[in-house]
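I have placed the structure first, in the form of structure tokens, so that the comments after it can refer back to it.
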Amino acid sequence: MMAKLLKVVKENKLAVITIDNPPLNVISKQVFRELGETFDALSKDTETVAVLITGEGNIAFAAGADIKEFPSMMGNPNMKDLVKESHAVLTKIEQFPKPTIAVLNGLTLGGGCELALACDLRVAETHVQIGLPEVKLGLFPGAGGTQRLSRLVGNAKAKEIIFTGDPLAAEEAEKIGLVNNVVEQGSGLSEAKILASRMTRHSLQALSRIKKAINEGSEATLEQGLEIETNLFEEIFQTEDVKEGVSAFLDKRKPAFVHR
């Protein structure tokens, strides 16, 4: 039986997923499979309100895909299906109905960058290098990198990053909006937990609809986006959490949300 390459620890409404695939935490087929299984399980876990993903050690968050698996993809008649499998896992993470934060604690390249892009937020330690170097192998990002990066930082900047294949330092990545925050080396996880705690105190019913409204609305016209928001706003008023939130405000107490 193969050893697990993901570790999951739950604490204070958080689930922390750690990629443990030494030495560089590369994103192999097994890692993709375990990510899909883990997010399926966490979507049903009413105790978990937010998820953090990081890499074991301080060298790499995830330094790309497992290049040893590439030769089997050359000339493979099922190549399109293999690509769609990785797309399905990252889309599952992107659409996961709870906030997700990628805690970048080292090299975040190729498939590792694409995984980070599928998360809602990215916290980077000062020594992080982040980028999509696939062009240096005669390739280009094939797990959503061309699409998610351009939506996040704009077409021209995304083209520059992908055309050159050169990684960005953490501070430059923050300037262009590729990462949300840059923190001291070694403090990524603790800082991300503080950030997540500012979310997990709120209603999961509200958080999940905020995520859905932004994700779906950003791919729509303004008129369509407003319709999405209206429908979700109608839904939230039918939940127990909104009753609790309003009652707590009127009673001048902290709300106790049930997260389901």
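The values are calculated or read from the model by the stated rules, or taken from the named source; none is laboratory data. Computed from a prediction, not measured in an experiment: that's the story for all the values here. All Cβ positions, glycine included, derive from the backbone under ideal geometry; neighbour counts span all protein chains shown. In case anyone asks, the SASA skips ligands and DNA or RNA and just uses the protein heavy atoms, side chains included. Shrake-Rupley method; radii C 1.70, N 1.55, O 1.52, S 1.80 Å.
The figures follow:
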item: Helices (runs of 4 or more DSSP H) (entirely within segment 126-233) containing at least 1 residues that are open to solvent by 70 Å² or more (accessible area, probe 1.4 Å), touching a strand residue (DSSP E or B) at 6+ places or on another chain (Cβ under 9 Å) and closer than 26 Å to Asn105 by Cα; result: 170-175, 188-200
item: Strands (runs of 3 or more DSSP E) (entirely within segment 1-117) containing at least 1 residues that are buried (at least 23 other Cβ atoms within 10 Å of the Cβ) and modelled with pLDDT under 95; result: 60-63
item: Every pair of residues 6+ apart whose Cβ atoms lie under 6 Å, when the first sits in segment 228-249 and is touching a residue at least 40 places away in the same chain (Cβ under 8 Å) while the second is among the β-branched types (Val, Ile, Thr); result: none
item: Set Leu189, Leu222: member being at pLDDT 95 or above and within 15 Å of the chain's Cα centre (by Cα); result: Leu189
item: Which numbered condition Phe257 fails, given (1) surrounded by 13 or more Cβ atoms within 10 Å (Cβ to Cβ); (2) of a type in the set (Phe, Trp, Tyr); (3) within 30 Å of Gly110 (Cα to Cα); result: (3)
item: Count of residues meeting criterion [under 19 Å from His87 (Cβ atoms) and not charged (D, E, K, R)] in segment 33-66; result: 9
item: Checking Ala248 against (1) assigned to a helix (DSSP H, G or I); (2) under 21 Å from Leu121 (Cβ atoms), the condition it does not meet; result: (2)
